[in-house]
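One structure is given here, and the rest of the page talks about it.
Each reported figure results from applying straightforward, stated rules to the coordinates on display, with no laboratory input. A quick note: this is a predicted structure, and the numbers were derived from the prediction, not measured. Here the Cβ is made from the backbone with ideal geometry for all residues, glycine too, and neighbour counts use every protein chain on show.
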Amino acid sequence: MNIKKIIVLLLFTIAIITIITPVNAKLDASVELGSTKTVNGKTELYITVDSDIGMKTKNFLSNNYISKRKAELNNVNKVVVSVKGYKPVTIKKPAKGWQINKKYYSNCFDMKFSIKGKSENIYNKNYSVKFYDKKNKIIRTKNGKVLSEWEFSESNIDKNPKKYFDKLKSKNKKKDGFNTVPFNQYSIDRHLNKIFNTSSSIDYFYNKDSTFKKEEVIETTYISTIGYYTKKMEKFQYYTNGMYKLTIETQRVSSKEVFKSVDLYKIENKTINSSMKNPYFTVSNDCNWTNPLIMDVANHIKTSVSRSNYLNNDIYRMELANAVIRYVQANIKYDYTFSLDQSAVTTLKRGSGTCVGNTYFAGALLRAVGIPTYFETSWNQQAGHTWPVSCVFYENRYQWVPAEPTTDFTDNIYYESYYLNLQEYKYPFQKNAVNWWTSQGGGHIFVKGYSSYWA
């Protein structure tokens, strides 16, 4: 027998020994509350069976690691759980064997059972878990105290991050390096929540000085922190219920020490109601329609669309809006460099823009010629898109209609959408003006995210 065959045989023998050799001494267990609700006088608990096998490997959730844990547990025929003050509960091995619970990464094997008693009376009680083999011999005994649901259930942490934070603070206050910082102001954010119109007349929306009501939310965030040394690294964790946010982060400070930081954010919202001028004519850095360069282009467009050529003001406004979109489509190329500055003025100077730049430029011109306009944006997993929406006379009535000013996206060809073929259609403002985008999984169809704004 040559050396290669000897080595292969030796490795094979070691593998067989590894599989069949029981390592039951490493079995571990904990008893945890599964619910705070008591049904028919009984409270649900879990035994979580754990093991150290494979924990030193890079991927301790590998198939090899899990198979070893299954082989280890397979030697267990039954488990007897005793909680102090309650009758022992026996859990027999199922016909299909012990099943892995993939919901939890480190606690792979869960056994559910119930005992009679209220959950608040069971928490922190001493327990004993005994593992028996097929010959009814005790393989392993584990003693401990019943854990609270807030100490293991991620879903319940989301329900009450503050309660979990307070329990961690109480439980770990005697640990090495423990420190705590009380709540301090972390940030203040103010954002526009809603805008209300006080009239439904068209002239009200077209009047730049019309008064609208607005609702703003002032969000103040406070932060409290606890920190202490622990034994193992953990993945970053984040929980929130809207009122509180909680983050857990560990950092290795030496070969033997890991420091754990837990931050609790308390969020307070205050609503303020006030008035504002017509938001559909907002002047901003991105959409500065009062800039002389923007006004020059707007006046040029207004000159080309003579009011005298139209029967009434409604049709004139619609054609004026269409003229703006046609101007942007014909004169602004797509910005393939994806410049950071996509403001209306910069887009005009550069002669190119992304959908953001083209939309701000079109919106600035629309506002400059007197058309009330806001913006919509949408995104999916691959990309995002934005476009202007204006109040124009469409299908014999005034309504908010979207337009697509962005062209020249691929090989200097307009989007393959019928409304953008300027040789056939003269009116870019259409109810389905973002039809191409929606057909690609954005816009209003198959939308990942969607919002409107006034810039």
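What is the extension gain from residue 258 to residue 236, computed as 0.36 nm multiplied by their sequence separation minus the C-alpha to C-alpha distance, in nm to one decimal? Provide the component values of the computation, followed by the final result.
Numbers: separation 22, 0.36 × 22 = 7.92 nm, distance 1.35 nm.
Taking 0.36 nm per residue and subtracting the Cα distance, the gain is 6.6 nm.
Using Cα-Cα distances under 8 Å and only pairs 6 or more residues apart, what relative contact order does segment 222-300 have, in percent?
27
Of 367, 307, how do they rank once you tally other Cβ atoms within 10 Å and put the fewest first? List each step's numbers first, then the result.
Working: 367 29, 307 12.
Neighbour counts put them in this order, fewest first: 307, 367.
Order of 335, 133 from fewest to most other C-beta atoms within 10 Å? It would help to have the intermediate numbers written out before the result.
Working: 335 22, 133 15.
Ascending Cβ contact count within 10 Å gives the list 133, 335.
Given the pairs 116/232; 93/135; 214/349, which are separated by over 24 angstrom at their Cα positions? Each step should come with its number before you reach the end.
Numbers: 116/232 35 Å; 93/135 13 Å; 214/349 34 Å.
In this structure, 116/232; 214/349 lie more than 24 Å apart at Cα.
With the cut-off at 21 Å, tell me which of the pairs 87/130; 84/118; 112/142; 96/235; 112/167; 130/163 have Cα atoms farther apart than that.
Values: 87/130 14 Å; 84/118 14 Å; 112/142 17 Å; 96/235 32 Å; 112/167 24 Å; 130/163 32 Å.
Listed pairs above 21 Å: 96/235; 112/167; 130/163.
Kindly flag which residue pairs out of 245/277; 174/256; 134/171 have an alpha-carbon separation exceeding 28 Å in this structure. Before the final figure, lay out each step's value.
Working: 245/277 36 Å; 174/256 19 Å; 134/171 39 Å.
Long pairs (Cα-Cα over 28 Å): 245/277; 134/171.
Suppose each label sits 7 Å from its Cα in the direction of the beta carbon; what would the residue 272-residue 285 distance come out to in nanometres?
Label at residue 272, label at residue 285, 2.1 nm between them.
Using Cβ counts within 10 Å as a stand-in for footprinting exposure, how do 131, 178 rank, fewest first?
Arranged by neighbour count, lowest to highest, 131, 178 become 178, 131.
Per 0.36 nm of contour for each residue apart, how much would the distance between residue 91 and residue 40 grow if the chain were fully extended, relative to their Cα-Cα spacing? It would help to have the intermediate numbers written out before the result.
Values: separation 51, 0.36 × 51 = 18.36 nm, distance 2.03 nm.
Full extension of this stretch gives 16.3 nm more.
Give me the one-decimal nm value for the distance between modelled label points at residue 198 and residue 295, 7 Å along each residue's Cα-to-Cβ direction.
Using points 7 Å along Cα→Cβ, the separation is 2.8 nm.
Could you calculate the FRET efficiency of residue 350 with residue 213 from 1/(1 + (r/R0)^6), where r is the beta carbon distance between them and R0 is 35 Å, rounded to 0.05?
Numbers: r = 38 Å, r/R0 = 1.08.
After rounding, the FRET efficiency stands at 0.40.
So who's got an amide H within less than 5 Å of the one on residue 139, skipping anything under 5 residues away but keeping other chains? H placed 1.01 Å off N, in plane.
So residue 139 has HN proximity to 131, 132, 133.
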